[in-house]
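Any read-out appearing in this document is the output of simple, stated calculations on the displayed coordinates, not a laboratory observation. Values in this document were obtained by computation on a predicted structure and should not be read as measured data. Cβ placement follows ideal geometry from the backbone for every residue including glycine, while neighbour counts extend to all protein chains displayed.
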Amino acid sequence: MRKGVCVILLMLGCLVLTSSCDPITETDNYVYITETGTKYHRSGCRYLDSSSIKIERSTAQAQGYEACGVCKP
Ligand SMILES: [Zn+2]
């Protein structure tokens, strides 16, 4: 639970400091998977449903997920 609070505080900080906060080029390092799928996706892909789970790209690949052919993450 403490980790969750830290994440929320970090996100709030980013909202306040949008000009200076650059959270580790998030779009390049993180992808999204679903509970049932075998592919990983970019944020906003139409194949993502409400169960989209944020995960590091390297972790997704290590777990056997493949890149989505539609959003080409
Ligand atoms: Zn996709």
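If I ask for residues that are surrounded by fewer than 16 Cβ atoms within 10 Å (Cβ to Cβ) and more than 13 Å from the ligand (Cβ to nearest atom), which ones from the stretch 23-41 would you list? Let's see the steps before the verdict.
Our first condition is that a residue be surrounded by fewer than 16 Cβ atoms within 10 Å (Cβ to Cβ); within the stretch 23-41, this holds for 23-29, 35-36, 38.
Within the stretch 23-41, Pro23, Ile24, Thr25, Glu26, Thr27, Asp28, Asn29, Glu35, Thr36 qualify.
Of all residues being exposed (fewer than 14 other Cβ atoms within 10 Å of the Cβ) and away from the ligand (no atom under 13 Å from the Cβ) in the stretch 42-58, which is nearest to the chain's Cα centre (by Cα)? Just the residue, please.
Out of the qualifying residues, it is Lys54.
Could you list, in sequence order, all residues of the stretch 41-71 that are in a loop (DSSP other than H, G, I, E, B) and polar (S, T, N, Q)? Lay out the reasoning, then the answer.
Residues of the stretch 41-71 that are in a loop (DSSP other than H, G, I, E, B), as a first pass: 42-52, 63-65, 68-71.
If the condition is that a residue be in a loop (DSSP other than H, G, I, E, B) and polar (S, T, N, Q), then Ser43, Ser50, Ser51, Ser52, Gln63 are the ones that fit.
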